[in-house]
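Participant: Before anything else, here's the structure in question.
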Amino acid sequence: MSLRVSELRVYYRTLKGDVKALDDVSFTMRDGEILGLAGESGCGKTTLGKSLIRLDGRMRHVGGTVELDGRELPIGDDRRMNAFRFHEVSLIPQYSMSAMNPTRKIGKMVGELLRSRGVALDRAELESRLELVELPRTVLDNYPIELSGGMKQRMVMVISTLLNPSLLIADEVTSALDVSTQKAVAKALIGFRDAGFVKSMIFVTHDLALTSHIADTVMVMYAGKLAEKAPSAAMVTAPRHPYTRLLINSLPEVGVRHADKKLSGIAGSPPSLLDPPAGCRFRARCPVAGDECAQEPPVAEVEPGHFVACWKA
Amino acid sequence: MMLQLDNVTKVYKVGAFGGRTFAAVDGVSFDVRSGEVVSLIGESGSGKSTIGKMILGLTPVTAGSITVDGAPVKAAKEYYRHVQGVFQDPFSCYNPVFKADRVFQLIKESYYPQVSAAEWDGRVRSAIEDVRLDPGQVLGRYPHQLSGGQLQRLLIARALLLDIKLLVADEITSMLDASTRIDVLNLLAELKERGLGVLYVTHDLSLGNYLAERTVVLRNGAVVEMGLTDKVFGDPLHPYTRKLLAAVPRLNAPWEDAAPTDACRYHAGGASGALFEAEAGHFVACARLDGCPP
Ligand SMILES: Nc1ncnc2c1ncn2[C@@H]1O[C@H](COP(=O)(O)OP(=O)(O)O)[C@@H](O)[C@H]1O
Ligand SMILES: Nc1ncnc2c1ncn2[C@@H]1O[C@H](COP(=O)(O)OP(=O)(O)O)[C@@H](O)[C@H]1O
Ligand code: SF4
Ligand SMILES: [Mg+2]
Ligand SMILES: [Mg+2]
């Protein structure tokens, strides 16, 4: 088992109270697994990713544990987490493309970063990885601004995985890219896993179709909780949670025309996480909700490896 | 209404002293009719927004002409009564220190000063309902209290308060969640049914395909293929269109490998050659893969 997250609760402290962005989430990941993390914006995807590596100032570890390769991650302890960051867990943050230092040549930046982690630069290894993602060596002499979006994104990937972390979290890394660039970046991510540069990977995206091609398993979150987790194929062909079903039905596949088949969105919007409703958090929008849904549905394993949090699944 | 682009070119001056030039849009011609959605598809940098801005009179054309009902684009009040644009980032259209509904008040002040406050309020409410929002939930709120989808729909409602005939929608769904996105797309489809012409600019092929009667595929500022959406997506002729389509991830089908892009005298150099009509209503700037046009 690569990753075991148990009953994890991470809240944001705000003046109005705690935002319960991650509220009792449990799941595991196998060695070599790519887990796709999907769900509407605000459901807690970025919070989950950050929780595994660095809590920002307002985040508070309220409960639960995270175990990586059998060792507990001290996620609430910023200093002790330092030993794990980059070496064991690495994150490609949302919008990381624009976060690269614009005044440093890329090669120099990589050297400085490694030095700050007490590691020497293995130039040959770096170049072979650039080759794997089809970047010319000369990018090391470029400034970030000289690279296209897709090139920058692949560069960030190479940098974040130089120390072969056990777990890589890629947060919306393809979301701002054109389809063909998106595909190249996605294939590169799979290549990194196959080459063993990272043992396992959490691929965060709001694009279910894309996730289903990259991930072995897909986890859908809703309002800070796990709604459904299943092998990718099962998630797209036989989703069990009403939310997942509606989400998939709202996707216009190539070939679907408004004139022939009118798709519809999900009425309503997710609840506030400051004061989330009791019971099932999807209840107010759920077309099949019943009385039992006033109680919170437990996560049940309905098929091997297929988990659903719904009374009616 | 008819929007007509004729051989439109836009050359930007680039470089430190504007010493070099760069054709962001290169000889583009197409039209949009009333009651029709035309999608303008292309990767980032292909010139889509530049075309949108020229239609909206936000930047001048370098050569060629753009007309609406035969009259040239004019950056003036009367033109904007009929032609409006909505853009990708709805937040940038609102001033965060004012309530979001101020955008409606501004329309009243410049176009309808004679309308009474009570009547205007009624019009605003009905426009908000037209975009499937509940006036009670969105009026009187600040931009940060509303979601991206709500702000985007309010901007469409603002356009509806004018007597618009043409709406330029530039990447308006790319920041929205799947479920909200489909609501906004359905809304554009309703506008079309009401007789508006809509130019739907997107890099997302499946969204363009869902909505549009006709599709224009842009690459490096030039049209490589255009025509009825069924034909352009059902039987793409240009290798570039094929490549784009193959890259789109689909739910239930394997990710195709990019179609071979056999060399052709038109697409080899990047820009494309003149369009020719390969079959009725289907234009391509490059031959079928088995041979170039004579
Ligand atoms: N710094 C913050 N302070 C307060 N609330 C926050 C903060 N960051 C995120 N949130 C809230 O936490 C929830 C989850 O956010 P996030 O993890 O960013 O979602 P996602 O990545 O799925 O879009 C949202 O309701 C969001 O508004
Ligand atoms: N004001 C400008 N000055 C110089 N170049 C510009 C300007 N606006 C856009 N461009 C360039 O024109 C090309 C087309 O841009 P744009 O129309 O925004 O494309 P798209 O909307 O398809 O992404 C890009 O290469 C862009 O960098
Ligand atoms: S538990 Fe009830 S409300 Fe929640 S998704 Fe299932 S049926 Fe709907
Ligand atoms: Mg996020
Ligand atoms: Mg644009």
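The values are calculated or read from the model by the stated rules, or taken from the named source; none is laboratory data. Quantities reported herein were computed from a predicted structural model and do not represent experimental measurements. Methodologically, a virtual Cβ is constructed for each residue, glycine included, from the backbone with ideal geometry; neighbour enumeration extends over all protein chains shown. Just so you know, the surface numbers come from the protein's heavy atoms only, side chains and all, with ligands and any DNA or RNA stripped out. Shrake-Rupley method; radii C 1.70, N 1.55, O 1.52, S 1.80 Å.
Participant: Which whole-number value in Å² is the accessible area per residue of region A:85-156, probe 1.4 Å?
Facilitator: Accessible area per residue: 54 Å².
Participant: Using each residue's phi in region A:122-133, evaluate 6.51 cos²θ - 1.76 cosθ + 1.60 at θ = phi - 60° and report the 3J(HN,Hα) Karplus result to the nearest Hz, with x for Gly and Pro.
Facilitator: With the stated coefficients, region A:122-133 comes to 9, 4, 5, 5, 4, 5, 5, 6, 4, 4, 4, 9 Hz.
Participant: List the lysines whose alpha-carbon lies under 23 Å from that of B:K74, not counting same-chain residues fewer than 8 positions away?
Facilitator: Answer for B:K74, where 23 Å is the Cα cut-off: B:K10, B:K13, B:K48, B:K53, B:K108, B:K165, listed by chain and number.
Participant: Let me ask something additional. For peptide A:204-210, compute the average count of partner chain beta-carbon atoms within 10 Å of each residue's beta-carbon.
Facilitator: The shielding value for this peptide is 3.
Participant: Name the residues of region B:146-185 whose accessible area, probed at 1.4 Å, falls by at least 30 Å² once all protein chains are in place instead of their chain on its own?
Facilitator: When all protein chains are present, B:D177, B:A178, B:S179, B:R181, B:I182 each give up 30 Å² or more of accessible surface.
Participant: Listed here are the pairs A:K199/A:K225; A:K105/A:K152; A:K108/A:K187; B:K77/B:K192; which of them are more than 18 Å apart at the Cα?
Facilitator: The answer is A:K199/A:K225; A:K108/A:K187; B:K77/B:K192.
Participant: For the protein assembly as shown, with only Lys/Arg (+1) and Asp/Glu (-1) charged at the beta-carbon, what is the dipole magnitude about the Cα centre, in debye rounded to 20?
Facilitator: The calculated dipole for the protein assembly as shown is roughly 1380 debye.
Participant: Please give the peptides A:151-159, A:52-60, B:53-61 ranked by average Cβ packing (other Cβ atoms within 10 Å per residue), highest first, as a rough proxy for protection.
Facilitator: A:151-159, B:53-61, A:52-60
Participant: Whole-Hz ³J(HN,Hα) for each residue in region A:196-213, computed from phi via Karplus 6.51 cos²θ - 1.76 cosθ + 1.60 with θ = phi - 60°, x for glycine and proline: what do you get?
Facilitator: Once rounded to whole Hz, the list reads x, 5, 10, 7, 9, 8, 10, 9, 8, 7, 9, 9, 5, 5, 5, 3, 5, 8.
Participant: I would also like to ask the following. Determine the residues within region B:209-252 where the difference in accessible area between the chain on its own and the full set of protein chains amounts to at least 40 Å²; count protein heavy atoms only and use a 1.4 Å probe.
Facilitator: Those are B:N209, B:Y210, B:A247, B:P249, B:R250, B:L251, B:N252, which lose 40 Å² or more relative to the chain on its own.
Participant: Run the numbers on chain A and let me know its relative contact order in percent, using alpha-carbon pairs under 8 Å that are six or more apart.
Facilitator: 21 percent
Participant: How much area per residue is accessible in region A:161-234 when the probe is 1.4 Å and only protein heavy atoms are counted (Å²)?
Facilitator: Result: 21 Å² per residue.
Participant: Let me ask something else. Once you place label points 7 Å from the Cα toward the Cβ at B:F17 and B:S44, how far apart are they in nm?
Facilitator: Each label point is offset 7 Å from its Cα along the Cβ direction, giving 3.2 nm.
Participant: Rank these residues by their accessible area, most exposed first, probe 1.4 Å: A:R193, A:R71.
Facilitator: Putting A:R193, A:R71 in descending order of accessible area: A:R71, A:R193.
Participant: Oh, and also: Ignoring ligands, DNA and RNA, please state the percent of accessible area on region A:1-62 from carbon and sulfur, probe 1.4 Å.
Facilitator: 45 percent
Participant: Express the accessible area of region B:1-142 per residue in Å², computed with a 1.4 Å probe while the remaining protein chains stay in the model.
Facilitator: Result: 50 Å² per residue.
Participant: Relative to the first principal axis of the alpha-carbon coordinates of chain A, what is the inclination of helix A:149-160, with its axis defined by its Cα atoms, in degrees from 0 to 90 and to the nearest 10?
Facilitator: Relative to chain A, helix A:149-160 is tipped by roughly 80 degrees.
Participant: Same structure again: Would you give the gap between the C-alpha center of region A:70-88 and the C-alpha center of region B:50-77, rounded to a whole Å?
Facilitator: One Cα centre to the other: 57 Å.
Participant: Continuing with the same structure: Tell me, what ³J(HN,Hα) does each residue in region B:143-150 have, in order and in whole Hz, if you take phi through Karplus 6.51 cos²θ - 1.76 cosθ + 1.60 with θ = phi - 60° and put x for Gly and Pro?
Facilitator: Values per residue, Gly and Pro as x: x, 5, 8, 10, 7, x, x, 5 Hz.
Participant: As a test question: what accessible area, to the nearest 10 Å², does B:H144 have when a 1.4 Å probe is rolled over all protein chains in place?
Facilitator: The value for B:H144 is about 150 Å².
Participant: Classify region A:59-133 as rounded, prolate or oblate, taking a ≥ b ≥ c as the square roots of the eigenvalues of its Cα gyration tensor: rounded when a/c is under 1.5, otherwise prolate if a/b is larger than b/c and oblate if not.
Facilitator: Prolate shape, in that a/c is at least 1.5 and a/b is the bigger ratio.
Participant: Ok, one more. As a test, work out the antiparallel percent of DSSP beta bridges whose residues both lie in region A:119-229, rounded to the nearest 5.
Facilitator: 45 percent
Participant: Check each residue of region A:221-255 and keep those whose accessible area, probe 1.4 Å, is at least 30 Å² smaller with all protein chains in place than in the chain alone; give them in order of residue number.
Facilitator: Residues of region A:221-255 that lose at least 30 Å² of accessible area once the other chains are added: A:V236, A:S250, A:L251, A:P252, A:E253, A:V254.
Participant: Looking at chain A as a GNM with Cα springs under 10 Å, which of A:G70, A:G107, A:G32 has the largest mean-square fluctuation?
Facilitator: A:G70
Participant: May I pose another question? How high is the relative contact order of chain B, in percent, with contacts defined as C-alpha pairs under 8 Å that are six or more residues apart?
Facilitator: About 22 percent, as a whole number.
Participant: Per 0.36 nm of contour for each residue apart, how much would the distance between B:A246 and B:Y142 grow if the chain were fully extended, relative to their Cα-Cα spacing?
Facilitator: 33.2 nm
Participant: In square angstrom and rounded to 100, what buried accessible area do you get between chains B and A, total over both, with the probe at 1.4 Å?
Facilitator: Rounded to the nearest hundred, the buried surface is 3100 Å².
Participant: Here's another thing I want to ask about it. In region B:50-98, what percent of the accessible surface is made up of carbon and sulfur (1.4 Å probe, ligands and nucleic acids excluded)?
Facilitator: Roughly 62 percent, rounded to a whole number.
Participant: Exactly which chymotrypsin sites (Phe, Trp or Tyr not before Pro) in region B:10-82 are in a DSSP loop and have at most 13 other Cβ atoms within 10 Å?
Facilitator: B:F17
Participant: Next question, about the same structure. With just the Cα atoms defining each centre, how far is region A:12-46 from region A:202-228? Give it in Å.
Facilitator: So the two Cα centres are separated by 11 Å.
Participant: Which whole number gives the average, over all residues in A:148-155, of C-beta atoms from other chains lying within 10 Å of the residue C-beta?
Facilitator: Rounded to a whole number, the mean comes out at 1.
Participant: With both bridge residues required to lie in chain A, what share of the DSSP beta bridges run antiparallel, to the nearest 5%?
Facilitator: 60 percent
Participant: Would you mind telling me the antiparallel percentage of the DSSP bridges in the protein assembly as shown, rounded to 5?
Facilitator: For the protein assembly as shown, the DSSP antiparallel bridge percentage is about 60.
Participant: Then there is this: Are there GluC sites (Glu not before Pro) in region B:107-199 that DSSP puts in a loop and that have at most 15 other Cβ atoms within 10 Å, and which ones?
Facilitator: In loop regions of region B:107-199 (DSSP not H, G, I, E or B), there are no sparsely surrounded GluC sites (Glu not before Pro).
Participant: State, as an integer percentage, the relative contact order of region A:48-157 based on alpha-carbon contacts under 8 Å between residues 6 or more apart.
Facilitator: The value is 24 percent.
Participant: What net charge is computed for the residues neighbouring B:S39, neighbours being all others with C-beta under 13 Å from the C-beta of B:S39, Lys and Arg scored +1, Asp and Glu -1?
Facilitator: Its environment carries a net charge of -3.
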